Structures are given as structure tokens and as C-alpha cells.
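S.K.: This is the structure I want to talk about, given as C-alpha cells.
The values are calculated or read from the model by the stated rules, or taken from the named source; none is laboratory data. Remember, predicted model here, so these are calculated numbers, not experimental data. Cβ: placed from backbone, ideal geometry, glycine included. Neighbour counts: every protein chain shown.
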Amino acid sequence: MLYSSIDNKKIKDIKKLNQKKYREQSKLFLVEGEHLVKEAEASGYLEYAIIEEGYDFNFNKDNMYVTDKVMKYISELENNQHIMGVCRMLDSNKELGNKILILDDIQDPGNLGTIIRSSVAFSFDTIVLSKNTVDLYNDKVIRATQGLLFNINIITCDIIDFINEINSEYDIIGTRVDNGSDISMLEHKDKIALIMGNEGRGVSNEVLSLCNKFAHIKMNKNCESLNVGVAASIMLYELSK
């Protein structure tokens, strides 16, 4: 069946997945582009693909075919990618692993996407998002991850409660630009939880009060601070060595 009308109820329901409240209600989200659809399928989270009429793509899945007009209606991109996927929201694994990254109210989608990619690259096991962190299923976050959100355990919760639950087992490492140890020289347990903070204020004082170690990146004095996505990537690399 070819869907050709933007007034079709199923099309309208898919379009609504571009809004956070409908994603949360349905527990579904969209990915766009062949690479992301393939990543979703490989991870087992793809429900079905939406393919534009005439687009040459062989896919061993139940597919939904739409016209160019319908694809442009659903898509959030200026230049649509001719293929989208409807996916189930990610499962959270209770097995946290040895290396955890906690994000305290990160707001920029590009930063979150970059941090997720770096977490996978440097073998962190779990990312914990505060409840005020930008929505994981925001289309800009998903594109910035290049599909790597499917390759790491991600949890959203109250991070104060979470830290209190793990603090006897893990070194809780807070990040701040002054005081603390150079991250490349920091001594720590095998089990660590690194905390990165909001773009404007950094890690909140309430969260910092729960840390038992503090770290910063040693930099040239002419540079006051780094973008949080860059800073997190450097710290994740140093802690992976």
C-alpha cells in the first residue's frame, strides 16, 4: 500500500512523533536516513521502515511506502533522506558496568549527541541523564549520535538519588574548572562515575557536594573553558587509559 495523503490518520500519528509528549505516550521515536535506520534494525529497536516511493532500498522488514509529499510532511529535515524508521524507546539495563557518565542538565542536543558518541568510543558502560537534560529522542540528538545511542546503556532518573545509591561502590568524580586533580593524573577506583555539568553553570552545587573526587582538564592559561562536548570527550579518553 502506498500512502499518498497527509490527512491519513496513520501519517498524522507518525508526524506527531516529532513532539516529545507523543513520543512519551507511545514509547516510539523516529530516526531518519539509511544509516540510522540500519543501526536501529541491527540493535533490534526498529519497528518498521517508512520508505519513499521509488527509493531503492531492500530491507528485510515490514515496510511502509509513502509519496515524496508525505515523506516531506513527516520529515524534520530541509532535505529529507527518503527513508525513516519508527523505533521503540531504548531499554535500560540495571547492570551499570564499571564506568558511568552522569550528565547534570545538559541542554544542547549537539553536545548530548557528541557525548554519547565519545562514551561509546571510550568504552563507558552507562550514561545517566538528569530529568532536565535535553530529550534523548530529540531528532538533533539522534543525528548527532550517528546511531551510537543504540550501542550504550542510557538511563534517565533523579541523579541525586542515583548517586546516593552508588556512592559506596564507585568513585564519584565531579568536574569543575578550579581545584581538583588534573584528569590525566587522577587516581581512582576501578569503578567510577564521572559527572559533567550544564553548559552555563557546570555541575550544580548539590551534585558537587556528593562527589568524593574532583577533576579538571589542564589547559593553556589563555583558554578559560571548553565546550562541554569537547571537555567530556577528553575526560572520557583520559579515564579509558
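S.K.: Is it fair to say ILE234 is assigned to a helix (DSSP H, G or I) and either at pLDDT below 95 or under 24 Å from THR145 (Cα atoms) (or both)?
M.R.: On the way: assigned to a helix (DSSP H, G or I): yes; either at pLDDT below 95 or under 24 Å from THR145 (Cα atoms) (or both): yes.
Yes, satisfied.
S.K.: Suppose we keep only residues that are touching a helix residue (DSSP H, G or I) at 6+ places or on another chain (Cβ under 7 Å) and without any contact (Cβ under 8 Å) to a residue 60 or more places away in the chain within region 114-127. Which one would you say is farthest from ILE163 (Cα to Cα)? Steps first, please.
M.R.: Taking region 114-127 and keeping what is touching a helix residue (DSSP H, G or I) at 6+ places or on another chain (Cβ under 7 Å), we get 114-120, 122-124, 127.
From what's left, without any contact (Cβ under 8 Å) to a residue 60 or more places away in the chain: 116-117, 120, 127.
Working: ILE116: 20, ARG117: 23, VAL120: 21, ILE127: 13 Å.
Selected residue: ARG117.
S.K.: Sort out which residues of region 34-63 are surrounded by fewer than 20 Cβ atoms within 10 Å (Cβ to Cβ) and either within 19 Å of TYR3 (Cα to Cα) or assigned by TED's automatic domain parsing to the domain that holds PHE150 (or both), and write them in order of number.
M.R.: Hits for region 34-63 are GLU47, TYR48, GLU53, GLY54, TYR55, ASP56, PHE57, ASN58, PHE59, LYS61, ASP62, ASN63.
S.K.: Taking the condition at pLDDT 95 or above and among the aromatic types (Phe, Trp, Tyr), does PHE59 pass?
M.R.: Values: at pLDDT 95 or above: no; among the aromatic types (Phe, Trp, Tyr): yes.
Answer is no for this residue.
S.K.: I've got another one for you. Which count do you get for residues in region 5-60 that are farther than 19 Å from ASP135 by Cβ, basic (Lys, Arg) and over 18 Å from the mean Cα position of the chain (by Cα)?
M.R.: The total comes to 3.
S.K.: Let me ask something additional. Would you pick out the residues in region 195-231 that are touching a strand residue (DSSP E or B) at 6+ places or on another chain (Cβ under 8 Å), in contact (Cβ under 8 Å) with a residue 60 or more places away in the chain and in a loop (DSSP other than H, G, I, E, B)?
M.R.: VAL203, SER204, listed by residue number.
S.K.: Please return the ranges of strands (runs of 3 or more DSSP E) entirely within region 70-176 where 1 or more residues are more than 30 Å from GLY54 (Cα to Cα) and of a type in the set (D, E, K, R).
M.R.: Values: elements: 83-88, 99-104, 126-129, 153-156, 171-175.
So the answer is 99-104, 171-175.
S.K.: Answer yes if at least one residue in region 24-31 is assigned by TED's automatic domain parsing to the domain that holds THR67, more than 16 Å from SER75 (Cα to Cα) and not in a helix (DSSP H, G or I), and no otherwise.
M.R.: Of the residues in region 24-31, the ones assigned by TED's automatic domain parsing to the domain that holds THR67 are 24-31.
Retained after the next criterion (residues that are more than 16 Å from SER75 (Cα to Cα)): 24-27.
In the following step, the residues that additionally are not in a helix (DSSP H, G or I) were identified as 27.
The answer is yes; a qualifying residue exists.
S.K.: A further question follows. Given the criterion surrounded by 19 or more Cβ atoms within 10 Å (Cβ to Cβ), farther than 15 Å from LYS99 by Cα and not assigned by TED's automatic domain parsing to the domain that holds LEU77, identify the matching residue among GLY200, GLY147, GLY174. First the steps, then the outcome.
M.R.: Numbers: GLY200 fails: surrounded by 19 or more Cβ atoms within 10 Å (Cβ to Cβ); GLY174 fails: farther than 15 Å from LYS99 by Cα.
Unique residue meeting the criteria: GLY147.
S.K.: Assess whether ILE172 counts as being within 30 Å of ASN79 (Cα to Cα) and touching a residue at least 12 places away in the same chain (Cβ under 8 Å).
M.R.: For ILE172, the condition - within 30 Å of ASN79 (Cα to Cα) and touching a residue at least 12 places away in the same chain (Cβ under 8 Å) - is not met.
S.K.: Determine whether MET71 is within 20 Å of ASN18 (Cβ to Cβ), touching a residue at least 24 places away in the same chain (Cβ under 8 Å) and of a type outside the set (Val, Ile, Thr).
M.R.: Details: within 20 Å of ASN18 (Cβ to Cβ): yes; touching a residue at least 24 places away in the same chain (Cβ under 8 Å): no; of a type outside the set (Val, Ile, Thr): yes.
It is false that MET71 is within 20 Å of ASN18 (Cβ to Cβ), touching a residue at least 24 places away in the same chain (Cβ under 8 Å) and of a type outside the set (Val, Ile, Thr).
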